[in-house]
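Here is the structure we will look at, set down as C-alpha cells.
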Amino acid sequence: MKILVADDDPVSRRLLEILLNKWGFDVTVATDGHEAWRELQNPASPRIAILDWMMPGMDGVQVCHKIREDKTRAPMYVLLLTAKQATEDANGRYESVADDYLAKPYAAHELKARLRSARRILELEDQIEAARKDMKIETTHDPLTGLWNRSSILEILHREIHRARRQSSPLAVFTIDIDQLRQINRQHGHLAGDAVMREAARRVRNSVRIYDSVGRYSGGQLVVVSPACDHSEAMSQALRLQSTICQEAFKTFKGDFPVTISLGIAVGNNNHHAHELISAAEASLAKAKKAGPNRVELACP
C-alpha cells in the first residue's frame with residue numbers, strides 16, 4: 001500500500017522512510033506541506049498520510065483540512081505526528097480533521113499498530129463503497145441484461161424531455177421487440193430465451209450512440225431513448241439496429257437461432273410528454289408486429 005510521509009526534518013523523514021519500507025509500504029516523501037499537497041493531487045496518490053504537525057509554509061493540520069474539503073477524493077487515513085503533549089489542544093485543531101495522532105518520540109511498534117488499524121479501516125471503507133455501488137446497480141438495472149430497468153429508463157426519458165425542451169431539439173424513442181423470443185421460450189425453455197435476451201441487449205447497447213440510453217421495458221421489449229434525433233436520423237438508426245442484431249445467428253447452449261426484431265419509433269418535439277412518446281412508440285411497434293416480422297414503423301405523435 002502507498003503511504004505519504006511529510007516532514008521537514010530530514011533525519012526524522014529518512015528514518016521513517018526506512019522503517020516503512022521495511023514493513024512493505026511504497027513510500028512517497030515530501031519536505032513540507034505544500035509538497036505533500038502537490039503529491040496528493042496525483043490520480044494514484046497514497047491512501048495513508050503521515051504528516052508532521054509543524055512544517056513550514058503549510059502545516060500538517062492545514063493539509064488535513066484541504067484533504068477533508070476535497071469531496072471527490074477516496075477515503076484517506078491521516079496520522080499526525082506532533083511533539084506536543086497528547087492532552088494539549090484536546091478537541092482542538094487536529095482532532096477534527098486527522099484520524100489519529102502520535103506524539104514524538106514514538107515507538108516503532110506503536111506506529112506499526114496504528115498503520116495496521118489504518119489499513120483495516122481503509123479496507124472496510126472500500127468494502128462499504130463497493131456494496132453501495134452494487135446496491136445502486138441492483139436498484140437501477142435489469143438483472144438479466146444489465147440494461148437500465150423500467151423505472152430508470154422512464155426517469156431518463158423524463159430527464160431527456162426536459163433537456164430537449166431547453167435546447168429546442170428533437171427526441172426519439174425506440175421500442176424494440178424480439179420477434180422469435182416467445183417461440184424460443186416455448187420450444188427450448190426460458191434459459192435459452194434468456195441467453196437470446198442477453199445477447200440482443202448486448203448488440204443493441206453496442207449499436208446505439210454513446211449518449212443514447214437503453215433499458216428493458218418489459219419481457220422481450222427494449223426501449224432506446226435517443227436525444228437530438230430527428231425523423232431521418234431515427235429511421236437510419238433503426239435500420240442499423242436491425243442489421244446489427246439480425247446479421248448473425250444467436251448462439252446458445254440449445255443451438256443457434258436466427259433472430260429478427262420489430263421496431264416502433266416516435267419522435268417528439270417540445271410539447272410532448274413521456275407517456276405520449278412511449279404510447280406512440282408502442283403503437284408503432286404494434287403496427288410493425290402486425291405487418292412483420294422484422295419491420296420498422298415510424299410515427300410522430
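Quick check on my filter: what residues within the range 223-235 are buried (at least 18 other Cβ atoms within 10 Å of the Cβ) and of a type in the set (S, T, N, Q)?
Step one: list which residues in the range 223-235 are buried (at least 18 other Cβ atoms within 10 Å of the Cβ), which gives 223-227, 229, 234.
Result: Ser226, single match.
Pairs linking a residue in the range 111-126 that is in the same structural domain as Asp100 (by TED's automatic domain parsing) and within 22 Å of Ser12 (Cβ to Cβ) to a residue that is of a type in the set (Phe, Trp, Tyr) and surrounded by 11 or more Cβ atoms within 10 Å (Cβ to Cβ), with Cβ atoms under 8 Å and 6 or more positions apart or on different chains, are Lys112/Trp23; Leu115/Trp23; Leu115/Phe25; Ala118/Tyr77.
For Arg132, indicate whether it is part of a helix (DSSP H, G or I), charged (D, E, K, R) and either in contact (Cβ under 8 Å) with a residue 60 or more places away in the chain or closer than 30 Å to Val214 by Cβ (or both). Outline the logic, then answer.
Working: part of a helix (DSSP H, G or I): yes; charged (D, E, K, R): yes; either in contact (Cβ under 8 Å) with a residue 60 or more places away in the chain or closer than 30 Å to Val214 by Cβ (or both): yes.
Judged against the criteria, Arg132 is a match.
In the range 256-286, what residues are farther than 29 Å from Leu191 by Cα and either basic (Lys, Arg) or touching a Lys or Arg at 6+ places or on another chain (Cβ under 8 Å) (or both)? Once the filter is applied, which keeps residues that are farther than 29 Å from Leu191 by Cα and either basic (Lys, Arg) or touching a Lys or Arg at 6+ places or on another chain (Cβ under 8 Å) (or both), the range 256-286 yields only Asn270.
Candidates are the residues of the range 176-222 that are in a strand (DSSP E or B) and in contact with a Lys or Arg (Cβ under 8 Å, 6 or more places away or on another chain); the one that is surrounded by the fewest Cβ atoms within 10 Å (Cβ to Cβ) is Ser218.
Here the range 55-66 is the region considered, the condition is being touching a residue at least 40 places away in the same chain (Cβ under 8 Å) and part of a loop (DSSP other than H, G, I, E, B), and the residue that is surrounded by the most Cβ atoms within 10 Å (Cβ to Cβ) is Met55.
Checked against (1) farther than 15 Å from Leu181 by Cα; (2) without any contact (Cβ under 8 Å) to a residue 12 or more places away in the chain, Ser207 passes all but condition (2).
Among strands (runs of 3 or more DSSP E) entirely within the range 232-301, having at least 1 residues that are modelled with pLDDT of 90 or more and of a type in the set (Val, Ile, Thr) singles out 261-268, 296-299.
The values are calculated or read from the model by the stated rules, or taken from the named source; none is laboratory data. Treat the numbers as computed from the prediction; the structure is a model and nothing was measured. We place every Cβ from the backbone using ideal geometry, glycine too, and count neighbours over all the protein chains shown.
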